[in-house]
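Q: Attaching a single structure in structure tokens format; questions to follow.
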Amino acid sequence: MTRYVAFLHAINVGGHVVKMEVLRGHFADMGLTGINTYIQSGNVIFETDDNRTEVLETQIAAHLEQVLGYDVPAFVRTGAELKALAALQPFARIPAENKDTLYIAFLHNEPDSAKQAALLAYTSQTDALHFYGKHLFWRYHRSYGESAITNMRIERVLKAHSTIRNINTINTVINKYFS
């Protein structure tokens, strides 16, 4: 069995409230095992023999849409993928400040160069952006409200679903479930 994490979009935001116990039950209904959740934002750790992450993403999203009644894109990653992401330092040459926060946006596919360029145009003194495959690293230097980047903007510019997690969340998931 392989352990995965599904980062879900639209869980406990925008009026879509889902208790983690209920969410774990929905994953169990799909025949997945070893199910845990981390915080309330839709981070679900599970195990399965199926190693086709794209198929898992599709199955999870379809099942959750059926039982919850709204679109819930799922972004499935292995522990090895998360560890590789956490080890990257795409902004090492930019001096860090205490207020800096690093986020990773999860995507289903690597955007083409035109879409990447369109989003990278939002790079500023506040927002530093870097694509790595089907992930967007985003470091902002001020408070969240001062940023030009939001998940909605990422989705609109890339014309694709995404979900964003703080690097602290990713590191905690790695340490708790993939060490």
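Q: Considering only segment 78-112, state which residues are free of Cβ contacts under 8 Å to residues at least 12 places away in the same chain and crowded, with 17+ Cβ neighbours inside 10 Å.
A: Selection gives E81 alone.
Q: Which condition from (1) farther than 28 Å from F178 by Cα; (2) crowded, with 18+ Cβ neighbours inside 10 Å; (3) not small (G, A, S) is the one that V67 breaks?
A: (2) is the only condition that V67 fails.
Q: Now for a different question. Taking segment 1-39 as the region of interest, how many residues are surrounded by fewer than 16 Cβ atoms within 10 Å (Cβ to Cβ), closer than 27 Å to E155 by Cα and at pLDDT 95 or above?
A: Total meeting the criteria: 2.
Q: Same structure again: So R156 ticks every box in (1) surrounded by fewer than 17 Cβ atoms within 10 Å (Cβ to Cβ); (2) under 20 Å from the mean Cα position of the chain (by Cα); (3) within 23 Å of N168 (Cβ to Cβ); (4) not hydrophobic (A, V, I, L, M, F, W, C) but one. Which box is left unticked?
A: Only one criterion is unmet by R156, namely (3).
Q: Is it the case that segment 2-21 has a residue that's more than 23 Å from N151 (Cβ to Cβ), hydrophobic (A, V, I, L, M, F, W, C) and either assigned by TED's automatic domain parsing to the domain that holds V72 or touching a strand residue (DSSP E or B) at 6+ places or on another chain (Cβ under 6 Å) (or both)?
A: So far as segment 2-21 goes, no, none of its residues is more than 23 Å from N151 (Cβ to Cβ), hydrophobic (A, V, I, L, M, F, W, C) and either assigned by TED's automatic domain parsing to the domain that holds V72 or touching a strand residue (DSSP E or B) at 6+ places or on another chain (Cβ under 6 Å) (or both).
The values are calculated or read from the model by the stated rules, or taken from the named source; none is laboratory data. Please read all numbers here as calculations on a predicted model, not as lab measurements. Heads up, the Cβs are rebuilt from the backbone with ideal geometry, glycines too, and the neighbour counts pull from every protein chain shown.
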